[in-house]
Amino acid sequence: MYWERVSEEIYLFTSDRYALVNSVAVVTQEGIVLVDALPFPEEAKQIARFLEVRVGADYHSAILTHHHMDHVYGLFAFPQTIDLVAHELCRKKLLEVGQSSLDEARQSDSTFAEVTLRIPNITFDTGELLLRAGNKRFRLFPLPGHTADNIGVFMEEEEILITGDAVMAIPIIADGDWAREIETLRYIKQLAPETIVQGHGEVILRGEIQIVLDRYIRYLECIHKKAQTALRQGRDRKEIWNIPLEDCGLERVPLGIASHRLHVANILSIYDKLRAG
Ligand SMILES: [Zn+2]
């Protein structure tokens, strides 16, 4: 696990075990507001200990950007009595598939044995939710596309946008909606925050935000074309595996060995939808 400070009161924790997934802790006068937690128990407990030594163990609440397990499981390492805030669709998804995917994870890795699933107790399904903690304000609003339940957490004063997986080192839409993800990236461009904390990968700073978001949009447009071309040429699903990530302007480095597999899953999801008409 790596950590760095985004500002005086904002700590960012990044997993070195799973796809550079991020967790954020914002220190307020009323305790810590945690946004997402990492998947592996050891790393999550490390974050909790780190915060306790640095700033104490008072928590205000936790926010989940979406229901994917790599953001959810680590919550078990933090006080279970604090409110957990998310989109209503996130709560529904976790009630639906949370326990079964946790059981599956436990079977393949016994370190997940100590994880217990937390279900959001404060949710919103239309509009926005404003969360106040001491002198900090967090504006929560939908950023769908990666998943239907993904939300952004905008700290307006600081102009820091925590995007969950709406922004990540390689945009992933295999479990979501390609067109909505492009809309979401355009919306974030126009929101033009100072800083973006993405779901996976490094912090994106002012001068690079427009460039990086444009690169992600171009990537999504490119994989759509790749899927269309493959279909038109009557190519098999298997042949999609041969389309390199670099063809669509991204590099594998940020998400390591998983990069190519995620990229292929992206194209296949579009290919299958187009084929189904
Ligand atoms: Zn995700």
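Just so it is clear, none of the values below were taken in a lab; they were calculated from the coordinates. Keep in mind the model is a prediction, meaning the values are calculated, not measured. When we count neighbours, we look across all protein chains shown, and the Cβ atoms used for this are built from the backbone with ideal geometry, even at glycine.
If each DSSP helix of 4+ residues adds -39,500 (n - 2.57) and the sum is divided by the residues in the chain, what number results at 222 nm, nearest 500 deg cm²/dmol?
Details: 7 runs with 92 residues, N = 277.
Helix-only estimate at 222 nm: -10500 deg cm²/dmol.
Among Asn266, Gly256, Ser100, pick out the residue whose Cα is farthest towards the positive end of the charge dipole of the chain, where Lys and Arg carry +1 and Asp and Glu carry -1 on C-beta, about the Cα centre.
Checking the options against the dipole of the chain, the answer is Asn266.
What is the sum of charges around Lys45, taking Lys and Arg as +1, Asp and Glu as -1, for the other residues whose C-beta is under 12 Å from the C-beta of Lys45?
Working: positive: Arg49; negative: Glu42, Glu43, Glu52, Glu114.
Summing Lys/Arg as +1 and Asp/Glu as -1 gives -3.
Kindly work out what percent of the DSSP beta bridges joining two residues of the chain are antiparallel, to the nearest 5.
70 percent
Report, largest value first, the span of the C-alpha coordinates of the chain along each principal axis, in whole Å.
60, 44, 35
Have a look at segment 148-277 and give its Rg and Dmax from the Cα atoms, expressed in angstrom.
Cα-based Rg and Dmax for segment 148-277 come out at 15.1, 52 Å.
Which residue, Ser7, Val33, Asn135, has the largest displacement toward the positive end of the dipole of segment 2-206 when charges sit on each Cβ (Lys, Arg +1; Asp, Glu -1)?
It is Asn135, whose Cα lies furthest towards the positive end.
Using only the C-alpha atoms of segment 131-187, find the volume of their convex hull and express it per residue in Å³.
75 Å³
Using the Kyte-Doolittle scale, which helices in the chain average at least -1.0 and also have C-alpha atoms spread 15 Å or more along the helix axis, with helices defined as whole DSSP H runs?
Result, helices passing both filters: 41-55, 178-191, 209-232, 258-276.
Using +1 on the beta carbon of Lys and Arg, -1 on that of Asp and Glu, and nothing else charged, what's the dipole of segment 2-206 about the Cα centre, debye to 20? If you can, show how the numbers build up before the last one.
Numbers: 18 positive and 32 negative charges, 34 e Å.
The dipole magnitude comes to about 160 debye.
Would you please report the Å³ per residue occupied by the convex hull of the alpha carbon atoms in segment 1-150? The partial results should precede the final answer.
Details: hull volume 15.9 nm³, N = 150.
It is 106 Å³ per residue.
Rounded, prolate or oblate: which fits segment 85-160, taking a ≥ b ≥ c as square roots of the Cα gyration tensor eigenvalues, rounded meaning a/c under 1.5, else prolate when a/b beats b/c?
Values: a/c = 2.54, a/b = 1.94, b/c = 1.31.
Note, shape of segment 85-160 comes out prolate.
For the chain, which cysteines have no disulfide-compatible partner, meaning no other cysteine Cβ under 4.7 Å?
Cys with no partner Cβ under 4.7 Å: Cys90.
Counting Lys and Arg as +1 and Asp and Glu as -1, what is the net charge of the other residues whose Cβ lies under 13 Å from the Cβ of Asn135?
-3
Excluding residues on the same chain fewer than 8 positions from Lys273, give the lysines whose Cα lies under 25 Å from its Cα.
Cross-link targets: Lys92, Lys93, Lys225, Lys226, Lys238.
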